[in-house]
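The structure follows.
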Amino acid sequence: MSTTDTRHTPTAEEFIAAQASPEFQELRSKRRSFTFPITIAALLWFVAYIILAMFAPDLYATEVWGNINLGLILGLLQFLTTFLITYAYVKYADKELEPRAEDIRNRLEKTGPYSDSKTA
(Lines give C-alpha, C1' and ligand atoms only; values in the text may rest on other atoms or scores of the structure.)
Protein backbone atom coordinates (compact mmCIF):
# COMPACT_ATOMS: atom_id res chain seq x y z
CA MET A 1 0.00 0.00 0.00
CA SER A 2 1.54 3.29 -1.02
CA THR A 3 0.63 6.74 0.10
CA THR A 4 0.98 9.83 -1.99
CA ASP A 5 3.23 12.58 -0.74
CA THR A 6 1.16 15.75 -0.65
CA ARG A 7 4.04 17.99 0.30
CA HIS A 8 4.88 20.86 -1.99
CA THR A 9 8.49 20.97 -3.16
CA PRO A 10 9.59 24.59 -2.69
CA THR A 11 11.33 26.42 -5.48
CA ALA A 12 14.62 28.24 -5.03
CA GLU A 13 12.71 31.53 -4.93
CA GLU A 14 10.47 30.22 -2.17
CA PHE A 15 13.52 29.15 -0.14
CA ILE A 16 15.10 32.58 -0.59
CA ALA A 17 11.85 34.29 0.44
CA ALA A 18 11.56 32.02 3.50
CA GLN A 19 15.15 32.78 4.45
CA ALA A 20 14.43 36.52 4.29
CA SER A 21 11.23 36.21 6.34
CA PRO A 22 11.04 37.65 9.87
CA GLU A 23 10.14 34.18 11.21
CA PHE A 24 13.32 32.64 9.82
CA GLN A 25 15.42 35.55 11.10
CA GLU A 26 13.87 35.07 14.54
CA LEU A 27 14.70 31.35 14.39
CA ARG A 28 18.32 32.13 13.53
CA SER A 29 18.51 34.72 16.28
CA LYS A 30 17.08 32.32 18.87
CA ARG A 31 19.55 29.60 17.89
CA ARG A 32 22.52 31.95 17.93
CA SER A 33 21.54 33.52 21.25
CA PHE A 34 21.88 30.09 22.83
CA THR A 35 24.70 28.46 20.89
CA PHE A 36 27.23 31.29 20.70
CA PRO A 37 27.46 32.06 24.45
CA ILE A 38 27.40 28.40 25.45
CA THR A 39 30.09 27.56 22.87
CA ILE A 40 32.33 30.38 24.07
CA ALA A 41 31.87 29.34 27.70
CA ALA A 42 32.62 25.68 26.91
CA LEU A 43 35.74 26.59 24.92
CA LEU A 44 36.99 28.87 27.70
CA TRP A 45 36.42 26.09 30.24
CA PHE A 46 38.32 23.62 28.04
CA VAL A 47 41.21 26.04 27.41
CA ALA A 48 41.42 26.81 31.14
CA TYR A 49 41.60 23.07 31.83
CA ILE A 50 44.46 22.65 29.34
CA ILE A 51 46.36 25.73 30.51
CA LEU A 52 46.12 24.64 34.14
CA ALA A 53 47.39 21.19 33.16
CA MET A 54 50.37 22.77 31.40
CA PHE A 55 51.30 25.45 33.91
CA ALA A 56 49.98 24.19 37.24
CA PRO A 57 50.62 20.44 37.31
CA ASP A 58 51.04 20.52 41.07
CA LEU A 59 47.49 21.82 41.39
CA TYR A 60 46.24 18.87 39.35
CA ALA A 61 48.25 16.49 41.53
CA THR A 62 46.42 17.67 44.66
CA GLU A 63 44.91 14.60 46.29
CA VAL A 64 41.23 14.88 47.04
CA TRP A 65 40.42 11.39 48.22
CA GLY A 66 42.75 8.40 48.08
CA ASN A 67 44.16 8.08 44.55
CA ILE A 68 41.67 10.59 43.18
CA ASN A 69 43.26 13.95 42.50
CA LEU A 70 41.98 17.31 41.35
CA GLY A 71 43.14 16.72 37.76
CA LEU A 72 40.99 13.60 37.47
CA ILE A 73 37.96 15.39 38.87
CA LEU A 74 38.42 18.36 36.52
CA GLY A 75 38.84 15.97 33.58
CA LEU A 76 35.63 14.15 34.45
CA LEU A 77 33.89 17.50 34.79
CA GLN A 78 34.81 18.15 31.14
CA PHE A 79 32.67 15.15 30.17
CA LEU A 80 29.89 16.19 32.51
CA THR A 81 29.92 19.69 31.00
CA THR A 82 29.54 18.22 27.52
CA PHE A 83 26.55 16.13 28.55
CA LEU A 84 24.91 19.05 30.39
CA ILE A 85 25.34 21.36 27.40
CA THR A 86 23.86 18.74 25.10
CA TYR A 87 20.91 18.19 27.43
CA ALA A 88 20.30 21.95 27.78
CA TYR A 89 20.45 22.45 24.02
CA VAL A 90 18.01 19.62 23.32
CA LYS A 91 15.56 21.05 25.85
CA TYR A 92 15.98 24.56 24.43
CA ALA A 93 15.61 23.32 20.84
CA ASP A 94 12.48 21.33 21.68
CA LYS A 95 10.87 24.36 23.32
CA GLU A 96 12.12 27.30 21.24
CA LEU A 97 13.55 26.15 17.92
CA GLU A 98 11.61 23.12 16.72
CA PRO A 99 8.13 24.71 16.80
CA ARG A 100 9.42 27.66 14.76
CA ALA A 101 11.28 25.43 12.31
CA GLU A 102 8.23 23.19 11.91
CA ASP A 103 6.03 26.19 11.14
CA ILE A 104 8.46 27.43 8.48
CA ARG A 105 8.74 23.92 7.00
CA ASN A 106 4.94 23.50 6.94
CA ARG A 107 4.57 26.83 5.19
CA LEU A 108 7.19 25.92 2.59
CA GLU A 109 5.81 22.43 1.98
CA LYS A 110 2.20 23.59 2.29
CA THR A 111 1.41 20.98 4.94
CA GLY A 112 -0.27 21.09 8.32
CA PRO A 113 -2.26 24.30 8.86
CA TYR A 114 -0.97 25.59 5.51
CA SER A 115 -2.32 22.64 3.51
CA ASP A 116 -4.41 23.41 0.45
CA SER A 117 -6.15 20.04 0.56
CA LYS A 118 -9.35 19.58 2.50
CA THR A 119 -9.58 16.48 4.66
CA ALA A 120 -12.89 14.72 5.15
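So, of the residues in segment 1-60 that are basic (Lys, Arg) and under 21 Å from the mean Cα position of the chain (by Cα), which turns out to be farthest from residue 83 (Cα to Cα)?
28
Write out, first by first residue and then by second, each pair whose Cβ atoms fall under 9 Å of each other, whose residues are 6+ apart or on separate chains, and whose first residue, in segment 78-105, is farther than 18 Å from residue 23 by Cβ while the second is at pLDDT 95 or above and polar (S, T, N, Q).
Matching pairs, first to second residue: 85/39; 89/35.
Here is a follow-up. Tally the residues that are over 31 Å from the mean Cα position of the chain (by Cα) and exposed (fewer than 10 other Cβ atoms within 10 Å of the Cβ), restricting the search to segment 64-84.
Matching residues across segment 64-84 total 3.
For residue 35, indicate whether it is touching a residue at least 12 places away in the same chain (Cβ under 8 Å) and either of a type in the set (S, T, N, Q) or assigned to a helix (DSSP H, G or I) (or both).
On the way: touching a residue at least 12 places away in the same chain (Cβ under 8 Å): yes; either of a type in the set (S, T, N, Q) or assigned to a helix (DSSP H, G or I) (or both): yes.
So residue 35 fits the description; yes.
Go through (1) under 27 Å from residue 25 (Cβ atoms); (2) surrounded by 15 or more Cβ atoms within 10 Å (Cβ to Cβ); (3) small (Gly, Ala, Ser); (4) in contact with a helix residue (DSSP H, G or I) (Cβ under 6 Å, 6 or more places away or on another chain) for residue 112 and report which single condition fails.
Failed condition: (2).
Still on this model: Taking helices (runs of 4 or more DSSP H) that do not extend beyond segment 57-120, which have at least 1 residues that are among the β-branched types (Val, Ile, Thr)?
Once the helices (runs of 4 or more DSSP H) in segment 57-120 are filtered for at least 1 residues that are among the β-branched types (Val, Ile, Thr), what remains is 70-92, 98-109.
If I filter segment 47-58 down to residues being loosely packed, with under 13 Cβ neighbours inside 10 Å and not aromatic (Phe, Trp, Tyr), which single residue comes out as farthest from residue 27 (Cα to Cα)?
So, considering only residues that are loosely packed, with under 13 Cβ neighbours inside 10 Å and not aromatic (Phe, Trp, Tyr), the one farthest from residue 27 (Cα to Cα) is 58.
Suppose we filter segment 16-44 for residues that are small (Gly, Ala, Ser) and within 17 Å of residue 95 (Cβ to Cβ); how many remain? Give the derivation first.
If we filter segment 16-44 for residues that are small (Gly, Ala, Ser), which is where we start, we get 17-18, 20-21, 29, 33, 41-42.
Okay, now just the ones that are also within 17 Å of residue 95 (Cβ to Cβ), so 29, 33.
Number of matching residues: 2.
Please state which one of 12, 41, 61 is of a type in the set (A, V, I, L, M, F, W, C), within 30 Å of residue 105 (Cα to Cα) and exposed (fewer than 13 other Cβ atoms within 10 Å of the Cβ).
12
The values are calculated or read from the model by the stated rules, or taken from the named source; none is laboratory data. It should be emphasised that the depicted structure is a prediction, and the values quoted were computed from it without experimental measurement. Quick reminder, even Gly has a Cβ in these numbers, built from the backbone with ideal geometry, and neighbours come from all protein chains shown.
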